[in-house]
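Undergrad: Structure incoming, see below.
What follows is calculated from the coordinates using simple rules that are stated; it is not laboratory data. Given the structure is predicted, the values throughout are model-derived calculations rather than measurements. Glycine also receives a Cβ, built like all others from the backbone with ideal geometry; neighbour counts cover every protein chain displayed.
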Amino acid sequence: MLLKEGVTVEQLGIPECGQYCNPVRPTTIVPGGIDNGRTCRRWEFMRLPEETKEEMETTEKVWALLSGWVQPDQADLVRHPVYTFWSLVADKSRDGRVMLAGDAAHVKPPFMGQGMCAGMRDAVNLSWKLDMILKGLAHDRLLDAYQPERAPHVSDIINISIFLGQIICIPDIEESHKRDAMFLSGTAPPMAPFPILTDGLLERDASGAPKGIAGQLAPHATVVGPKGEGRLDDVEGTGFNLMLAPGVRVSPESTAFIEGRGGKVVTIADKAGAPDAVVDTHGKLVGFLKEAGVDTILVRPDFYVYGSASGADRLVQSLRADLKAVDLKETALELYMPILGLRLYTPAAFRTPATPSWLIRRPFACAAAAMAPSTFP
Ligand SMILES: Cc1cc2nc3c(=O)[nH]c(=O)nc-3n(C[C@H](O)[C@H](O)[C@H](O)COP(=O)(O)OP(=O)(O)OC[C@H]3O[C@@H](n4cnc5c(N)ncnc54)[C@H](O)[C@@H]3O)c2cc1C
């Protein structure tokens, strides 16, 4: 919905966003930006069992649903389809040179607002891998780490989204009272933490599980240093970046390895003084290292932590070993091994799971939405 010229959300008392756990009709309000001075809002209304799709899509029904907030002389409807959402994850996201990303690879319920976000994570994950391949730094087997990295992450988001939907969409007065009582008494089950990477190109412990903080997102620090001031990725660039606490030594060989793959070795300090260090102005990254009890982290080009350590060289060695099967700078010769009838050892990160089981198929409730023009169709 687009407010008519001169009509404001403040006059009408329309919130910027809202999640109404109303058992009569669960309703969501989402901001849609401003178009030529006119405010957009998206409403999502749960379709009730006795309502038909055709009925929900009529203009009269949409205005009736909106009547508590806005009237026809105050706004224009932009779009109002009935949308049935699903939880689906493709069981395969690569077939040779074809990769699936975004909604083609997964769709999810709307309650986390993560559909486009997940697609962007796919794009970021794929882009650094493709970049290394196109630069001749890596074999295309690197792409085999894409599915194990992305599919569990998306599945976790779907599970949280379903969990939230089950709290929001309770179209039953008695059941909604039970839910409210749980929240008011503090006994409501907590939401699972936001997912991290659990598989793929991550530092592993002896049991093969991701080690320490491997798979977590590194903080997006604000820094000032010899190259300037701003967000860390703008100032230092992205890549396999080795972030060191002041005083941590790194061998020329490790530095060459990191820089040879487009990464940087960056010393990060909480205050000026350490030579060549960038200063973490809000202490986010320094605090992250301290909390993890390490003095070095190796951050992947998509900002996930590959691994952490006290001492840099061992960490670089670990990445080197993990990349060995795909690293064209180091193992060009080994790539010819299959031609000679020899088998290459493949680290866990690049092994395709024997039985992919990412397919989740759960129909969920339907929602009719009077939607504003936004990025979301
Ligand atoms: C009601 C609703 C609310 C949403 N709210 C949110 C939200 O709050 N936050 C969020 O993160 N996400 C949200 N999403 C999800 C988000 O819109 C999608 O996840 C995202 O748009 C998917 O982007 P995509 O590029 O993968 O696919 P799409 O946006 O579907 O783009 C695919 C494109 O490919 C084109 N195409 C298809 N077939 C062909 C072909 N054969 N040849 C050429 N082109 C083709 C299509 O026309 C389309 O333009 C919402 C979705 C809906 C429906």
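Undergrad: Given the pairs Lys129/Lys324; Lys211/Lys329; Lys264/Lys329, which are separated by over 20 angstrom at their Cα positions?
TA: On the way: Lys129/Lys324 15 Å; Lys211/Lys329 26 Å; Lys264/Lys329 17 Å.
Too far apart for the 20 Å limit: Lys211/Lys329.
Undergrad: Ok, one more. Cα atoms only, the chain: Rg and Dmax in Å?
TA: That works out to 25.0, 77 Å for Rg and Dmax.
Undergrad: For region 221-304, give the magnitude of the charge dipole about the Cα centre (Cβ charges: +1 Lys/Arg, -1 Asp/Glu; no others), in debye to the nearest 20.
TA: On the way: 9 positive and 12 negative charges, 13 e Å.
About 60 debye.
Undergrad: Right, something else. Out of Thr296, Pro31, Pro15, whose Cα points farthest toward the positive end of the dipole of the chain (charges: +1 Lys, Arg; -1 Asp, Glu; placed on Cβ)?
TA: Towards the positive end, the residue furthest out is Thr296.
Undergrad: Also, quick follow-up: Report the net charge of residues surrounding Ile133, where surrounding means a beta-carbon distance below 13 angstrom and charges are Lys +1, Arg +1, Asp -1, Glu -1.
TA: Working: positive: Arg94, Arg97, Lys129, Lys135, Arg141, Arg261, Lys329; negative: Asp131, Asp140, Asp144, Asp327.
Net charge around Ile133: +3.
Undergrad: Where the only charges are on Cβ atoms (+1 Lys, Arg; -1 Asp, Glu), what is the dipole of the chain about its Cα centre, to the nearest 20 debye? Walk me through the numbers before you get to the answer.
TA: Values: 39 positive and 46 negative charges, 179 e Å.
With Lys and Arg at +1 and Asp and Glu at -1, about 860 debye.
Undergrad: Right, another one. Rank Leu202, Ile158, Pro171 by how far each Cα sits towards the positive end of the charge dipole of region 135-240 (+1 on Lys, Arg Cβ; -1 on Asp, Glu Cβ) and give me just the farthest.
TA: Going by the charge dipole, the pick is Leu202.
Undergrad: Now for a separate question. Apply 1/(1 + (r/R0)^6) to the Cβ-Cβ distance of Arg204 and Lys271, taking R0 = 25 Å, and write down the FRET efficiency to the nearest 0.05. If you can, show how the numbers build up before the last one.
TA: Numbers: r = 34 Å, r/R0 = 1.38.
That pair, Arg204 with Lys271, gives E of 0.15.
Undergrad: Here's a follow-up. Treating cross-link reach as a plain straight distance, find the aspartates and glutamates whose alpha-carbon is under 18 Å from the alpha-carbon of Lys271, omitting any fewer than eight places away in the same chain.
TA: Glu229, Glu236, Asp280, Glu291, Asp295
Undergrad: Taking 0.36 nm per residue of sequence separation and subtracting the Cα-Cα distance, how much length would be gained by fully extending the chain between Arg314 and Asp172, in nm to one decimal?
TA: Details: separation 142, 0.36 × 142 = 51.12 nm, distance 5.75 nm.
Full extension from Arg314 to Asp172 adds 45.4 nm.
Undergrad: Applying a 10 Å radius around every beta-carbon, put 48-59, 293-304, 122-133 in order of their mean neighbour count, most first. Don't skip to the answer; put the middle values down first.
TA: On the way: 48-59: 12.0, 293-304: 21.1, 122-133: 18.3.
Ranking the peptides 48-59, 293-304, 122-133 by packing returns 293-304, 122-133, 48-59.
Undergrad: How many nm is it between the label spots at Asp76 and Val9, if each spot is 7 Å from the Cα in line with the beta carbon?
TA: 2.0 nm
Undergrad: Considering the options Thr255, Val235, Leu319, tell which one lies farthest towards the positive end of the dipole of region 222-329, charges being +1 on Lys and Arg and -1 on Asp and Glu at the Cβ, about the Cα centre.
TA: In region 222-329, that residue is Leu319.
Undergrad: Modelled label-to-label distance, Met120 and His282, 7 Å Cα→beta-carbon offset: nm?
TA: It works out to 1.6 nm between the two label points.
Undergrad: Which order do Leu244, Leu137 fall in if you start with the one that has the fewest other Cβ atoms within 10 Å? Working shown, then result.
TA: Numbers: Leu244 23, Leu137 18.
The order, fewest Cβ neighbours first, is Leu137, Leu244.
Undergrad: Dipole size in debye (nearest 20) for region 148-287 around its Cα centre, Lys and Arg Cβ +1, Asp and Glu Cβ -1? Mind dumping the intermediate values first?
TA: Details: 12 positive and 18 negative charges, 59 e Å.
Dipole about the Cα centre, nearest 20: 280 debye.
Undergrad: Per 0.36 nm of contour for each residue apart, how much would the distance between Lys53 and Ala192 grow if the chain were fully extended, relative to their Cα-Cα spacing?
TA: On the way: separation 139, 0.36 × 139 = 50.04 nm, distance 3.33 nm.
Length difference between fully extended and current span is 46.7 nm.
Undergrad: What is region 90-185's relative contact order, in percent, from Cα pairs under 8 angstrom and six or more apart in sequence? Provide the component values of the computation, followed by the final result.
TA: Numbers: 60 pairs, mean separation 26.9, N = 96.
Answer for region 90-185 is 28 percent.
Undergrad: Taking the convex hull of the Cα atoms, report for region 90-185 its projected area averaged over all directions, in nm². Write out the running numbers ahead of the final one.
TA: Details: hull surface 30.5 nm².
Taking a quarter of the hull surface, the average projection is 7.6 nm².
Undergrad: Relative contact order (percent) for the chain, with alpha-carbon contacts under 8 angstrom and 6 or more residues of separation? Don't skip to the answer; put the middle values down first.
TA: Numbers: 652 pairs, mean separation 89.3, N = 377.
The value is 24 percent.
Undergrad: In the neighborhood of Thr187, defined by Cβ-to-Cβ distances under 13 Å, what is the net charge if each Lys or Arg adds +1 and each Asp or Glu adds -1?
TA: Residues near Thr187 contribute +1 overall.
Undergrad: So for region 222-329, averaging the separation of alpha carbon pairs under 8 Å that are six or more residues apart and normalising by length, what relative contact order in percent results? Don't skip to the answer; put the middle values down first.
TA: Details: 184 pairs, mean separation 29.8, N = 108.
Reported as a whole number, the value is 28 percent.
Undergrad: Fewest to most neighbouring Cβ within 10 Å: what's the order for Asp233, Asp172, Asp327? Intermediate results must be reported in sequence, preceding the final value.
TA: Values: Asp233 17, Asp172 10, Asp327 23.
Going from least to most buried by this count: Asp172, Asp233, Asp327.
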